[in-house]
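Only one structure is covered here, and it is reproduced in the block below.
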Amino acid sequence: MPLSLRPPPDQRLETFVAAPEGVLDQLCALAHGTHADWLYLAGPAASGKTHLLLGVCAAAREAGRRAAYLPLAAAAGRLREALDAMEGHDLLALDGVESIIGRRDDEVALFDAHNRARASGTALVYAARQAPDALAPGLPDLHSRLSQCTRIVLEPLDDDGRREVLRTRALRRGWTLEDAALDWLLRRVGRDLAGLTALLDRLDQASLAAQRRVTVPFLRQVLGAVAP
């Protein structure tokens with residue numbers, strides 16, 4: 001059970017692109033224990049929810065606090081066991097609330113953990129594709145607790161935002177992703193940011209091995225099987 005993952009270096013609060021105003025400050029304060037309100041991140045796929053959850057865990061650990069990240073879908077059917085194992089942490093980041101809605105035992109387990117966290121002073125930050133009032137019908141008391149969190153709405157990045165993410169992550173690896181290469185990737189590989197960022201490690205290795213810059217001809221050579 002991935003309870004205390006070491007956040008990837010690309011997924012830190014300071015590397016998040018185009019966050020709504022004030023959101024990074026709220027998450028940083030929560031990580032440091034100076035923000036009393038719990039947070040609920042709502043947004044569709046590829047809107048950055050997991051990035052922010054991993055980022056707030058990293059910030060909390062850097063501040064000397066115990067933090068754990070849990071994708072709820074991975075614990076579905078045995079959520080009480082997973083949450084019990086996280087007792088004693090200062091901050092819990094719980095991802096994919098929608099995945100346990102409709103599972104009565106898991107809903108009760110999350111409701112109980114929410115109440116224990118409130119009593120013990122543990123900070124909670126949730127993430128889901130829908131706002132609490134838009135989740136499928138489930139345990140009313142759990143919906144009520146989730147609705148009490150400060151809600152943050154996230155939206156997927158536009159093409160300019162995707163370009164900035166890819167360009168920044170390439171620079172962290174020590175190479176430049178030029179505009180022509182970025183345009184080619186978005187046009188020929190697709191606009192799914194998770195898939196595009198996953199390609200960077202492959203391109204990094206290929207570029208080092210070939211001692212070549214990441215240009216459009218190089219992309220055609222390396223990714224020809226993926227992007228005709």
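For this structure, a couple of remarks:
- Residue that is surrounded by the fewest Cβ atoms within 10 Å (Cβ to Cβ) [pool: residues in segment 37-67 that are of a type in the set (S, T, Y) and not in a loop (DSSP other than H, G, I, E, B)]: T50
- Only residues that are out of contact with any Gly (no Cβ under 8 Å at 6 or more places or on another chain), of a type in the set (D, E, K, R) and modelled with pLDDT of 95 or more were counted in segment 86-103, giving 2.
- Any pair with Cβ under 7 angstrom, 6 or more apart, that starts in segment 41-59 at a residue that is under 17 Å from D90 (Cα atoms) and ends at one that is charged (D, E, K, R) and assigned to a loop (DSSP other than H, G, I, E, B): G55/R12; A58/R12
- Subset tally (residues that are among the hydrophobic types (A, V, I, L, M, F, W, C) and modelled with pLDDT under 90) for segment 1-41: 4
- Leading residue by the ranking (farthest from I152 (Cα to Cα)) among those in segment 28-56 that are in contact with a Ser or Thr (Cβ under 9 Å, 6 or more places away or on another chain) and aliphatic (A, V, I, L, M): L39
- Count of segment 189-213 residues which are over 20 Å from R162 (Cβ atoms) and open to solvent by 30 Å² or more (accessible area, probe 1.4 Å): 7
The values are calculated or read from the model by the stated rules, or taken from the named source; none is laboratory data. Keep in mind that this is a model prediction, so the values were computed, not measured. Neighbour counts are summed over all protein chains in view; Cβ atoms, including those assigned to glycine, are modelled from backbone coordinates with ideal geometry. All accessible areas refer to the heavy atoms of the entire protein, side chains included, with ligands and DNA or RNA removed. Shrake-Rupley method; radii C 1.70, N 1.55, O 1.52, S 1.80 Å.
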